[in-house]
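**Student:** Here it is: the structure, laid out below.
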Number of protein chains: 2
Amino acid sequence: MVQSSIKVLRNRGYRVTRPRRQVLEVLETAQRPLSPYDIQKLLWGKGKHLDHVTIYRVLDLFCTLNLAHKILSLGGFVRCALGKREGCHRFTVCRNCGAFQEFADKGLCAGESEITQDFGFHAEQHLAESLGLCSECSSPQGDSV
Amino acid sequence: MVQSSIKVLRNRGYRVTRPRRQVLEVLETAQRPLSPYDIQKLLWGKGKHLDHVTIYRVLDLFCTLNLAHKILSLGGFVRCALGKREGCHRFTVCRNCGAFQEFADKGLCAGESEITQDFGFHAEQHLAESLGLCSECSSPQGDSV
DNA sequence: TTGTTAATGCAATAATGTTGCATTTATAAT
DNA sequence: ATTATAAATGCAACATTATTGCATTAACAA
């Protein structure tokens, strides 16, 4: 996973730097969306000092390369598992524990083009998030719900 | 439109204050999503000094009452034209001029419940935004594209 | 090993969002 | 109209998040 992302960087002519490796690793192991400062704290805890400016820039790059994705409803970033070819991406995000799931949803794109064609709207980016509770957190034994 | 929002406030037991009226008016006439500070500047231009804290609080209330909606991809607020009963809301937003359009999309909710049921995910909020260019801005004569 | 240039780190600053509390004011009761 | 009262606002202070310019570092090619 991290390896394939590194390949993407190389193939596109970007350098494989230590900060980029470190952010990739953190995103890879994270079970929830991470804000830039979340990432900084996590790395800091391992004795790795990254400037927050660097993290912002790395995340920007990752998003344009489709290696990461920003969950707007929580303001955090997740690794991107699916390529652009596989249709629109939909995310489910648990508001309690942050667990997320990514889906390639072709029906979503279809519905969108239908509804927007009439207005001559040219869509470039699609955003589809569902915020709620994952199965764990919505169960009776779920914590703090 | 502003009048109906005022009714909602009254019916729910909230006071109809000057700040709330003013924010409603601004949102009503705006042709693009407005951030809290956008709203402050617009009102300030008319000689009306609202504290930004008040604007944040008013917008919070409006969102919970479904009178306004936050466009996450731009960080701005728009008036909400459709009620919760009419299904999921989808927005198209022009990244150039900010023009937006709101749709009630029942297919969206349907697709969501399908795709999430298998995972036991309980969705509470839905986010569906399409970012791109409106018909004006994507036309050859469109400005700055 | 060395040169080149992309990428990083740092400092400063801007923009955005939050909290607690004193004061004001919208509303209901008189 | 007037007054009581509780909600809402304004203010000050602060916390968080994001951006810019520039000197320095380090990834990669030769």
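The values are calculated or read from the model by the stated rules, or taken from the named source; none is laboratory data. Keep in mind that what you see is a predicted model, and the values were worked out from it rather than measured. Note that we place each Cβ from the backbone using ideal geometry, even for glycine, and neighbour counts take in every protein chain shown. What goes into the accessible areas is simple: the full protein's heavy atoms, side chains included, and nothing from ligands, DNA or RNA. Shrake-Rupley method; radii C 1.70, N 1.55, O 1.52, S 1.80 Å.
**Student:** Could you check residue A:31 against (1) surrounded by 21 or more Cβ atoms within 10 Å (Cβ to Cβ); (2) more than 14 Å from every other protein chain (Cβ to nearest Cβ) and say which number it fails?
**Tutor:** (1)
**Student:** Separate question: Test each condition in (1) away from DNA strand C (no atom under 11 Å from the Cβ); (2) within 14 Å of the chain's Cα centre (by Cα); (3) surrounded by 14 or more Cβ atoms within 10 Å (Cβ to Cβ) for residue B:36 and report the one that comes out false.
**Tutor:** (1)
**Student:** I would also like to ask the following. Could you please let me know if residue B:15 is out of contact with any Pro (no Cβ under 9 Å at 6 or more places or on another chain) and within 15 Å of DNA strand C (Cβ to nearest atom)?
**Tutor:** Yes: the conditions hold for residue B:15.
**Student:** To continue, here is another question. Can you confirm whether residue A:67 is at pLDDT below 90, touching a strand residue (DSSP E or B) at 6+ places or on another chain (Cβ under 9 Å) and crowded, with 16+ Cβ neighbours inside 10 Å?
**Tutor:** no
**Student:** Which of the residues that make up the stretch B:39-64 are near DNA strand C (Cβ under 8 Å from one of its atoms) and open to solvent by less than 30 Å² (accessible area, probe 1.4 Å)?
**Tutor:** The answer is none; no residue qualifies.
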